[in-house]
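> Mind having a look at this structure? Questions to follow.
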Amino acid sequence: MKTNDNKQQLIIQVQNLTKQFGAFTAVDHISFDVKRGEIFGFLGANGAGKTTAMRMLCGLSYPTSGSGSVAGFDVVKEGEKIKRHIGYMSQRFSLYDDLTVQENMELFGGIYGVKSSELRHRATSMLTRLDFLSEKDTLVGSLPLGWKQKLAFVVATIHRPEIVFLDEPTGGVDPITRRQFWEMIYEASSEGTTIFVTTHYMDEAEYCNRISMMVDGKIKALDTPGNLKKKYAAASMDEVFRTLARGAQRGD
Amino acid sequence: MRDSRTMLIALLMPVVQILLFGFAISTEVNNVNVAVVVPKWDEEIRQSVNKLSSNPYITYKGVITEHDIDQQLRSGKVDAIVVFAHDFDRLMAQWKQNGNGKAAMQLIMDASNTITAQAGAGYLNNILAGDLMQSNSLVETHMLFNPQMKSAFNFVPGIMGMIFILICAMLTSVSIVREKETGTMDVLLVSPVRPLSIIFAKMVPYFALSCINLTTILLLARFVLGIPMSGNLGSIITVSLVYLLLSLALGLLISTVAKKQIVALLISAAVMLMPIVMLSGMMFPVENMPDVLKPVSAIVPARWYIDAMRKLLIQGASFNLILKDFLILVGMTLALLALALKNFKDKLE
């Protein structure tokens, strides 16, 4: 399913990426490409190896074998450089509860080396867009979960990364907030940011440009939601997922 | 750090503990085991013995012979022995008549635990002398095993050994593990900040906090408890700083092992506090430990720190005398730090 576009247009390229923990192969020779500006859904059951694969792409963990590049940098040798060009939002809420909205933005912006004048400008404009400026001095810990997640996304993109990795960003969030969250994702995508997102919600999978399905550490399918549904003669992504995940050895 | 509660605990705990151990605990005496030596029974002695045996805070252990005094005290069966004079009734009559005279009884105390010994002696004196207590020479008091009551200040080095482990190790480990738990650690790690800088940044505040604690404890010890501080202040601080680093390294090590805050807390509290209290010589002298436990106590860092602090604070030793303690602490610090960093890197991988 490899696209033969201009290499510049491929922001992620992965060949036979493998991660073993002892005798256990968490990620088993996966290969795929992600195009610049794309919303790429990375799906799979619990324990399928999504998070491990994502950690390798973020430079958090070294692959056992295989190769890949993210934003033009090698995942094996240039992990530190990758980190400077990506944003990351973990599946757990990951801002500091005991800092205010503004302080969190300043902290993470500062870590990525965004200049403070620029930072203030971006923070204000992003909060204004969310209609959240009035809450900028509120402690993050006292916000409802939906808001925290939206804020986490804002913080993950505050340094204008080329690509942002979202690890189950909408876990435990109500449908309305999820909807709003995806609007934010679309907005970022329309501005040219590549989105790499893992999710459990199959309705969300429909929002992605292309998705990959991981089962037992391997990529079982990779295509647009429409093509996948056609290929597996399914009415929804949910059905596609169940067809593919049948026979999975791992997960709960 | 907007975590004002943790901050408060970290700053107040040492003060409270120092004062608690310094004052409150010293006044509490329960169950003093007392035996008596009676050369010749008479009515006066019977009355005194009755006073002892009927007192709720005293456990009367009966009559022993003079030969048994040493053995009874050494074995710990009794805490105090009252030896009545052979002409007790005559001496007492003299006292009652004149209000002075020769000592009519001897009080022999086991002073290996100085705090209870002092309080117990005062208490027994009151009971025995009764209304004649205006004079001190009626009862002649002997403190055995520790005549100068030198260990009266022993708890201060002990507390220092404990507090720094608690604050540095526990708070550091908990705060790092908290970041792991909330996921902020992941976010920090995917950021361009180097992992070492993250660790360093986590350690600095607790190091600063502990330095404040060190100052507070030293000031309290000097001015509130009146500890001589005869050693060189520079050596005291140097050794303490090394110990602080050691505790931080220990905290880091715990944080690489523990996945949940509660686990980190348990490891620091249960696994480390117990050996410190029991094995470091803080409460029970290392020399008195069973041979099996002596090597175990040698790997408890607090033992060497407490030992060094005792020598410096109380005995006023020079740096040469604590060189061994110091080198062991430095060695342990480096080993722990290396282990913790290696572990931390491995976890990242």
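> Could you tell me which numbered condition A:D137 fails, if it satisfies all but one of (1) part of a helix (DSSP H, G or I); (2) of a type in the set (D, E, K, R); (3) more than 21 Å from A:D174 (Cβ to Cβ)?
(1)
> Could you tell me whether B:I176 is surrounded by 24 or more Cβ atoms within 10 Å (Cβ to Cβ), out of contact with any Pro (no Cβ under 8 Å at 6 or more places or on another chain) and at pLDDT 80 or above? Give the steps one after another, and end with the answer.
Values: surrounded by 24 or more Cβ atoms within 10 Å (Cβ to Cβ): yes; out of contact with any Pro (no Cβ under 8 Å at 6 or more places or on another chain): yes; at pLDDT 80 or above: yes.
Criteria met by B:I176.
> Right, next: Can you tell me which condition B:L253 does not meet? The list is (1) assigned to a helix (DSSP H, G or I); (2) modelled with pLDDT under 85; (3) touching a Ser or Thr at 6+ places or on another chain (Cβ under 9 Å), and all the others hold.
Tallying (1) assigned to a helix (DSSP H, G or I); (2) modelled with pLDDT under 85; (3) touching a Ser or Thr at 6+ places or on another chain (Cβ under 9 Å), B:L253 fails exactly one: (2).
> Now for a different question. Tell me which of these A:L17 doesn't satisfy, since it passes every other one: (1) in contact (Cβ under 8 Å) with a residue 60 or more places away in the chain; (2) crowded, with 19+ Cβ neighbours inside 10 Å; (3) in a strand (DSSP E or B).
With (1) in contact (Cβ under 8 Å) with a residue 60 or more places away in the chain; (2) crowded, with 19+ Cβ neighbours inside 10 Å; (3) in a strand (DSSP E or B) applied to A:L17, the lone miss is (1).
> Filtering region A:149-167 down to residues that are within 11 Å of another protein chain (Cβ to nearest Cβ), not aromatic (F, W, Y) and not in a loop (DSSP other than H, G, I, E, B), which residue is nearest to A:K35 (Cα to Cα)?
Selected residue: A:V164.
> Looking at A:L166, A:L139, can you tell me which residue is crowded, with 20+ Cβ neighbours inside 10 Å and not acidic (D, E)? Please lay out each step first, then the result.
On the way: A:L139 fails: crowded, with 20+ Cβ neighbours inside 10 Å.
Only one candidate passes the filter, namely A:L166.
> Condition check: more than 14 Å from chain A (Cβ to nearest Cβ), under 16 Å from B:M160 (Cβ atoms) and crowded, with 17+ Cβ neighbours inside 10 Å. Does B:L233 satisfy that? Give the derivation first.
Numbers: more than 14 Å from chain A (Cβ to nearest Cβ): yes; under 16 Å from B:M160 (Cβ atoms): yes; crowded, with 17+ Cβ neighbours inside 10 Å: no.
When the stated conditions are applied, B:L233 does not pass them.
> Tell me whether region A:182-197 contains one or more residues that are over 15 Å from the mean Cα position of the chain (by Cα) and among the hydroxyl-bearing types (S, T, Y).
For region A:182-197, residues over 15 Å from the mean Cα position of the chain (by Cα) and among the hydroxyl-bearing types (S, T, Y): present.
> Any chance you could count how many residues in region A:64-93 are surrounded by fewer than 23 Cβ atoms within 10 Å (Cβ to Cβ), in a loop (DSSP other than H, G, I, E, B), within 11 Å of chain B (Cβ to nearest Cβ) and of a type outside the set (V, I, T)?
3
> Kindly indicate whether A:G41 is more than 14 Å from chain B (Cβ to nearest Cβ) and surrounded by fewer than 21 Cβ atoms within 10 Å (Cβ to Cβ).
Details: more than 14 Å from chain B (Cβ to nearest Cβ): yes; surrounded by fewer than 21 Cβ atoms within 10 Å (Cβ to Cβ): no.
No, not satisfied.
> Next question, about the same structure. Name, by its number, the condition in (1) of a type in the set (F, W, Y); (2) more than 14 Å from chain B (Cβ to nearest Cβ); (3) more than 24 Å from A:G226 (Cα to Cα) that does not hold for A:F21.
(2)
> Related question: Out of everything in region B:84-105 that is aliphatic (A, V, I, L, M) and in a loop (DSSP other than H, G, I, E, B), what residue ends up being farthest from B:L124 (Cα to Cα)? Walk me through how you get there before you give the answer.
Residues of region B:84-105 aliphatic (A, V, I, L, M): B:85, B:91-93, B:103-105.
When the remaining residues are screened for being in a loop (DSSP other than H, G, I, E, B), the result is B:85, B:103-104.
Details: B:A85: 17, B:A103: 15, B:A104: 14 Å.
Result: B:A85.
> Can I ask one more? As an exercise: evaluate B:G183 against (1) closer than 21 Å to B:L241 by Cβ; (2) without any contact (Cβ under 8 Å) to a residue 40 or more places away in the chain and give the number of the one condition it does not meet.
The failed condition is (1).
> Filter region B:192-213 down to the residues that are within 14 Å of chain A (Cβ to nearest Cβ) and surrounded by 20 or more Cβ atoms within 10 Å (Cβ to Cβ) and list them by number.
Correct list: B:K202 only.
> Of all the helices (runs of 4 or more DSSP H) wholly in region A:181-252, which have at least 2 residues that are out of contact with any Cys (no Cβ under 8 Å at 6 or more places or on another chain) and farther than 30 Å from A:H159 by Cα? Break it down stepwise before answering.
Numbers: elements: A:202-205, A:225-231, A:237-245.
Once the helices (runs of 4 or more DSSP H) in region A:181-252 are filtered for at least 2 residues that are out of contact with any Cys (no Cβ under 8 Å at 6 or more places or on another chain) and farther than 30 Å from A:H159 by Cα, what remains is A:225-231, A:237-245.
> Here are A:G59, A:G47: which of them is modelled with pLDDT under 90, part of a loop (DSSP other than H, G, I, E, B) and more than 13 Å from chain B (Cβ to nearest Cβ)? I'd like the intermediate steps shown before the answer.
Values: A:G59 fails: more than 13 Å from chain B (Cβ to nearest Cβ).
So the residue among A:G59, A:G47 that is modelled with pLDDT under 90, part of a loop (DSSP other than H, G, I, E, B) and more than 13 Å from chain B (Cβ to nearest Cβ) is A:G47.
> Same structure, new question: If I ask for residues that are closer than 26 Å to A:T25 by Cα and among the acidic types (D, E), which ones from region A:194-237 would you list?
Once the filter is applied, which keeps residues that are closer than 26 Å to A:T25 by Cα and among the acidic types (D, E), region A:194-237 yields A:D216, A:D223.
> Being in the same structural domain as B:S318 (by TED's automatic domain parsing), surrounded by fewer than 20 Cβ atoms within 10 Å (Cβ to Cβ), of a type in the set (V, I, T) and touching a helix residue (DSSP H, G or I) at 6+ places or on another chain (Cβ under 7 Å) narrows it down to one residue among B:T256, B:T216, B:T238; which is it? Give the steps one after another, and end with the answer.
Details: B:T256 fails: surrounded by fewer than 20 Cβ atoms within 10 Å (Cβ to Cβ); B:T238 fails: touching a helix residue (DSSP H, G or I) at 6+ places or on another chain (Cβ under 7 Å).
So the residue among B:T256, B:T216, B:T238 that is in the same structural domain as B:S318 (by TED's automatic domain parsing), surrounded by fewer than 20 Cβ atoms within 10 Å (Cβ to Cβ), of a type in the set (V, I, T) and touching a helix residue (DSSP H, G or I) at 6+ places or on another chain (Cβ under 7 Å) is B:T216.
> A follow-up question, please. Would you mind finding the one in B:I81, B:I108, B:I45 that is touching a helix residue (DSSP H, G or I) at 6+ places or on another chain (Cβ under 9 Å) and in a helix (DSSP H, G or I)? Spell out how you get there, then give the answer.
Details: B:I81 fails: in a helix (DSSP H, G or I); B:I108 fails: in a helix (DSSP H, G or I).
After ruling out the rest, the residue left standing is B:I45.
> Here is a further query. So is A:D238 closer than 26 Å to A:T52 by Cβ and in contact (Cβ under 8 Å) with a residue 60 or more places away in the chain or not? Walk me through how you get there before you give the answer.
On the way: closer than 26 Å to A:T52 by Cβ: yes; in contact (Cβ under 8 Å) with a residue 60 or more places away in the chain: no.
Considered against the rule, which asks whether it is closer than 26 Å to A:T52 by Cβ and in contact (Cβ under 8 Å) with a residue 60 or more places away in the chain, A:D238 comes out as no.
> Which of (1) closer than 18 Å to A:S94 by Cα; (2) at pLDDT 80 or above is the odd one out, the single condition B:Y243 does not satisfy?
(1)
> Assess whether A:D33 counts as being away from every other protein chain (no Cβ under 14 Å) and surrounded by 20 or more Cβ atoms within 10 Å (Cβ to Cβ).
yes
> Across region A:100-132, which residue is nearest to the other protein chains (Cβ to nearest Cβ) among those that are surrounded by 15 or more Cβ atoms within 10 Å (Cβ to Cβ) and under 19 Å from A:T177 (Cβ atoms)?
That would be A:N104.
The values are calculated or read from the model by the stated rules, or taken from the named source; none is laboratory data. Worth saying up front: this structure is predicted, and the values here are computed from it rather than measured. FYI the Cβ positions are ideal-geometry reconstructions off the backbone, even for glycines, and counts take in every protein chain you see.
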